[in-house]
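Remarks on the structure that follows.
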Amino acid sequence: MSSLMAPTAAISKKPWTATAIAIAILTVVVGSLLIGDFSYIDLNRSQELHRLQGGSQKLPADGVPSRASNLLRLKNQPFHMRTVRIPHPLHIDDGVKPAPSAPPTNSRRFSHFRCFGDENSVEGYTERGCSFENVCYNLESRTIQFYRRPGIPPRPVLFDAVKGERYQFEDEGHGFVNLQLWESFGPIMVDNICPAAATPDSTLVLTQPHFLWSNWARDDNLGHVLWEEISTIWYTMIRLNAFDPKVVAMHGLANDLPDRPLANKFRKAFFPAVLDTDPVSIHSYMRGLAEERLFNGSSPAPITDICFDQLMAGGNMQRFVQRNFWHNQGHEPLFYGLRGRIIDRFNLTETVPTSHRILVTNKTNSMYHDDPALTNHRGLHNLPEVIDAIKARYPSVPLQVVQWDTLSVRDQISLLLSSTLVVTPPGGVSMLLPFLPEGAHAIIFDYLEKEDNWFVGSLAGRSISMEAPFWNHWPHFKKSYYQVFSKEQMISDDPRRTLDEVSWRDEASIVVNIDKILGMVDAAFEEMAP
């Protein structure tokens, strides 16, 4: 550690040495590249381009930027055409030849992959994201297969610092990347030539990029579905330098897309901000493609395998869990890039408010465990009293009590873009706060943790700001937390059980102290005053 720290200390003492100047120049160059990274994400989104570059960045005159995020400044070519693929310099003959019917220019003999994330630990799968090239879905086994060269020693896919070289994607009881908390994925190794070259007559090749993903929580919770699930596709494509709005998102291998009203509402609202196509369930999608090819006569034989020029997967991260707070570190550009695309998707514009408006959340119709007794769980117990007190203190400021589920997603975002203060419980009802304007304020309620929670990473007796690990990375609006340190400040949401019998995180509401909440409102207005 000392050998790494010493040069830094030396530079700080002599800030204008040649080394320091070189580091400064490198910082500027890397910073400008990162800004460019998010400028050219989608040529059709001029508003985003203007927002992220202050209107100064122009598109290159000599061609169209890459579908990737352009740190590499590549031309707009399909993934396999912009990847190094040069014959082996020793001309090694692996003895595997394409079928006579394979196109003479076909180079899809074997699979390839590359990743971001920890490649020195088997357990790094929980945050790893990968792009697989030339892997195939086998319709009989309903598995995805990776084709490596036979007749030569297998090459490692991972270099574990303790266990050494690893040769399979499925390892230690899990896959190579996480699709979600309870589902991982790793293609099955096959020591043979890819069906695209071996049996082209019964193989369908998809040149359009695809993405394998899955829901880990109930996707009728806005926070999980937007910032952890749909957005995983966005985050991972950018981090892989492979963004393409034409990607087809295929829902996981374990189950189909859920068909529930709120889940459908959220997917319909937010997927178009990331991709041009609707998500599909992988098994029915694969089966449908194969049947279509056979039905229209475009395939001389029944399709047995469907191969992907590019299949991306992984990168799913828990954004709200205290013990995984580091998942969000450095991801602010990803968050703001997605925020901008969502605003553009609804054809909304951002302006700086010239007058105040207060929004107070009235939490209703929660689907917590599908229990009718808990439809307003984790709310504000004396909400009418809170509303009356704020109105009495600030009679000239418009105050709107919002039941978010009664509004369209577009109307919700539009309302937030023009408001200056939001008072809200935590959870899914607070998950559109990132659409507040610059300098606005949000007052978010904590809960008192009853017992150590190993999954979340919270400790008993502490006032827990439920989504603080996520809010900490949205610096454009101010967060104030209404802290709770006594069980007397809470009440059970379940009339069948006492406070001591319920989860204080999920099944108790806050009895709001009026003087305290008014003081927090006062402080917010003071902060926003000139």
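If you sort the three axes of the alpha carbon gyration tensor as a ≥ b ≥ c, you get a/c of 1.5 or more for the range 266-329 and a/b above b/c, which makes it prolate. Rolling a 1.4 Å probe over the heavy atoms of the protein chains gives the range 215-331 an accessible area of 35 Å² per residue.
Applying a DSSP loop filter and a limit of 12 other Cβ atoms within 10 Å to the GluC sites (Glu not before Pro) in the range 165-194 leaves Glu172.
For the range 455-530, the dipole from Cβ point charges (+1 on Lys and Arg, -1 on Asp and Glu) about the Cα centre works out to 180 debye, to the nearest 20.
Which trypsin sites (Lys or Arg not before Pro) from the range 446-530 combine a DSSP loop assignment with at most 15 other Cβ atoms within 10 Å? Each step should come with its number before you reach the end.
Values: sites: Lys450, Arg462, Lys478, Lys479, Lys487, Arg496, Arg497, Arg505, Lys516; in loops: Lys450, Arg462, Arg496, Arg497, Arg505.
Passing sites in the range 446-530 are Arg496, Arg497.
Classify the range 364-502: rounded, prolate or oblate, from the alpha-carbon gyration tensor (a ≥ b ≥ c, eigenvalue square roots; a/c under 1.5 rounded; otherwise prolate if a/b is larger than b/c)? Kindly include the intermediate steps, with their values, before the conclusion.
Details: a/c = 1.59, a/b = 1.38, b/c = 1.15.
It comes out prolate by the Cα gyration axes.
Counting only heavy atoms of protein chains, what accessible area per residue, in Å², does the range 408-530 have with a probe of 1.4 Å? Please list the in-between numbers first.
Working: 4810 Å² over 123 residues.
On a per-residue basis, the range 408-530 sits at 39 Å².
Ignoring ligands, DNA and RNA, what percent of the 1.4 Å accessible area of the range 144-232 is carbon and sulfur? Walk me through the numbers before you get to the answer.
Details: 1730 of 3340 Å².
Heavy-atom surface of the range 144-232 belonging to carbon and sulfur, 1.4 Å probe: 52 percent.
The fraction of accessible area contributed by carbon and sulfur in the range 380-466 is 51 percent, rounded to a whole number (1.4 Å probe; ligands and nucleic acids excluded). Compare the Cα positions of Trp454, Val429, Ser408 along the charge dipole of the range 406-483 (+1 at Cβ of Lys, Arg; -1 at Cβ of Asp, Glu; about the Cα centre) and return the one farthest towards the positive end. Checking the options against the dipole of the range 406-483, the answer is Ser408. In plain terms, the chain from Gln403 to Asn264 could stretch by 48.1 nm, reckoned as 0.36 nm per residue minus the Cα-Cα distance. Between rounded, prolate and oblate, where does the range 159-301 land on the alpha carbon gyration tensor, with a ≥ b ≥ c its root eigenvalues, rounded for a/c under 1.5, else prolate if a/b exceeds b/c? Taking the square roots of the gyration eigenvalues as a ≥ b ≥ c, the range 159-301 is oblate. Looking at Phe146, Met189, Ala249, which one has the Cα that reaches farthest to the positive end of the dipole of the range 116-267 (charges on Cβ: Lys, Arg +1; Asp, Glu -1)? Going by the charge dipole, the pick is Ala249. The charge dipole of the range 143-272, taken about its Cα centre with unit charges on the Cβ of Lys, Arg, Asp and Glu (plus for the first two, minus for the last two), comes to roughly 320 debye. Around the Cα centre of the range 113-195, unit charges on the Cβ atoms of Lys, Arg, Asp and Glu (plus for the first two, minus for the last two) sum to a dipole of about 320 debye. Spatial offset of the range 419-435 relative to the range 277-346 amounts to 28 Å, using the alpha carbon center of each.
The values are calculated or read from the model by the stated rules, or taken from the named source; none is laboratory data. Keep in mind that what you see is a predicted model, and the values were worked out from it rather than measured. In this analysis, Cβ positions are derived from the backbone assuming ideal geometry, glycine residues included, and neighbour counts consider all displayed protein chains. Surface areas here come from the heavy atoms of the whole protein model, side chains and all, with no ligands, DNA or RNA. Shrake-Rupley method; radii C 1.70, N 1.55, O 1.52, S 1.80 Å.
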